[in-house]
1. Looking at B:A154, B:A187, which one is part of a helix (DSSP H, G or I), farther than 20 Å from B:L65 by Cβ and not β-branched (V, I, T)?
2. Would you confirm whether any residue within region B:10-20 is charged (D, E, K, R) and farther than 18 Å from B:L158 by Cα?
3. Can you say whether B:V116 is of a type outside the set (D, E), under 14 Å from the mean Cα position of the chain (by Cα) and in a strand (DSSP E or B), as far as the supplied structure shows?
4. Residue under question is A:L120, and the condition is that it be within 14 Å of chain B (Cβ to nearest Cβ), exposed (fewer than 12 other Cβ atoms within 10 Å of the Cβ) and in a helix (DSSP H, G or I); does it hold?
5. Quick one: would you say A:A115 is surrounded by 10 or more Cβ atoms within 10 Å (Cβ to Cβ), modelled with pLDDT of 90 or more and within 14 Å of another protein chain (Cβ to nearest Cβ)?
6. Taking the criterion of being part of a helix (DSSP H, G or I), within 26 Å of B:R229 (Cα to Cα), among the small types (G, A, S) and within 14 Å of chain B (Cβ to nearest Cβ), would at least one residue in region A:84-103 satisfy it?
7. On the given criteria, is B:R189 exposed (fewer than 15 other Cβ atoms within 10 Å of the Cβ) and modelled with pLDDT of 85 or more?
8. How about region B:184-225: which of its residues are closer than 16 Å to B:N156 by Cα and among the small types (G, A, S)?
Amino acid sequence: MSVLPAVLTPATALLDGAAIKVLLVLSLAGAAALLVRGRPTALSLLLRRALTLAVVALGVVAVLLPDTVTDVAQLLGVGRGADLLLYVLCVTFLFVTIGLYLRLGQLHDRQVELARRHALLEAEVARLRGDDA
Amino acid sequence: MPPTTAPFPCVVIPMHDEAAVIAEVVREVRRGFARVVCVDDGSSDDSAALARAAGAEVVVHPINLGQGAAIETGIRAALRDPAVTHVVTFDADGQHRVDDALAMVETAATHDVQVVLGSRFLGDVSTLPAARRRLLRAATAFSRATTGLALTDAHNGLRVLRRDAAADLRVRLHGMSHASEILGTIARRGWSYREHPVTIDYTPYSRAKGQRAYNAANILFEVACHRLRHAA
């Protein structure tokens, strides 16, 4: 098996653990797409909620039946359950970070508009007061 | 419609902690322009009071929002007066010349273009430090390639916007990336534009207030992200 990596051709090395590789590359591509065109839609909200629920449910399963994590990991071509957990953690972290980044951007835009209206209103009030005096 | 009446410009000066120079700059601008709006972007010094005393209308951001946001606020304040035909953006550090701004308004009116951009490379660049010149050349090449506009200068704070263009302009990028963002808007909307030679006076003050060269990388990243989002 993997005790002889040198004899593997590059093509078969790519196929080694193909399932997890496909999943991870798809996840990273999804993260890039989210970064570029992420907009708050009803669908993205549903996805976020569904994923959160799924993570909680799977977490409970993983705690109660630790061996299932290893089984799933081997099914996907990952050696140990702990490795799979690390992969999932990395991808989740990436999505959470991008989500927060986009959210902060939206909040910043709203804050700018709010502060701007306040500033213009204040200037208008000062102008009117000056005219009255 | 042909521009039969004389243009009535309003100068917008975004400022942040410019107490050392702002009074002199406003007085200078007031010599050529009747209306000056200063936007104080959350200064910690008394820039606002000094600008007001020098004869500018002052709008004060309650918190620091960035120069791009200050420009948009100033434009909105300027356009409240329906008589204003053009908005001039002018840097607070005294690097621009009022005569250049007046000539640019003249150009905007006679050629009836929506935007007139100041270009230091069409004018006298003898006072421009060599390192800065190289960086600006690179920035200009980048802007030309990404926007398709035939420009000779990419990051010049002196611009004239006709009323319709000014009313449509949104500046959302933080930091100094708004200069590239404005060029992108001109290209996307197909606004008519011209460049006009201007002279930049590089004083020790303006150089100290100027951007660090490595901020170009930040701008590059922000502009790239912005373009991608717009394309998507």
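The values are calculated or read from the model by the stated rules, or taken from the named source; none is laboratory data. Since the model is a prediction, treat every value here as computed from it, not as a measurement. Every residue, glycine as well, gets a Cβ built from its backbone with ideal geometry; the counts of neighbours run over all protein chains shown.
1. Numbers: B:A154 fails: part of a helix (DSSP H, G or I).
Result of the check over B:A154, B:A187: B:A187.
2. First, the residues of region B:10-20 that are charged (D, E, K, R): B:17-18.
Within this subset, residues satisfying the condition of being farther than 18 Å from B:L158 by Cα are B:17.
Yes, region B:10-20 contains at least one residue that is charged (D, E, K, R) and farther than 18 Å from B:L158 by Cα.
3. Numbers: of a type outside the set (D, E): yes; under 14 Å from the mean Cα position of the chain (by Cα): yes; in a strand (DSSP E or B): yes.
Taking the combined requirement at face value, the residue satisfies it.
4. Numbers: within 14 Å of chain B (Cβ to nearest Cβ): yes; exposed (fewer than 12 other Cβ atoms within 10 Å of the Cβ): no; in a helix (DSSP H, G or I): yes.
Taking the combined requirement at face value, the residue does not satisfy it.
5. In short, yes.
6. Of region A:84-103, the ones part of a helix (DSSP H, G or I) are A:84-103.
Filter again for within 26 Å of B:R229 (Cα to Cα), leaving A:90-103.
With among the small types (G, A, S) added as a condition, the list becomes A:99.
Okay, now just the ones that are also within 14 Å of chain B (Cβ to nearest Cβ), so none.
The answer is no, given that none of the residues of region A:84-103 is part of a helix (DSSP H, G or I), within 26 Å of B:R229 (Cα to Cα), among the small types (G, A, S) and within 14 Å of chain B (Cβ to nearest Cβ).
7. Details: exposed (fewer than 15 other Cβ atoms within 10 Å of the Cβ): yes; modelled with pLDDT of 85 or more: yes.
Yes: the conditions hold for B:R189.
8. Across region B:184-225, the qualifying residues are B:G184, B:S206, B:G210, B:A213, B:A216.
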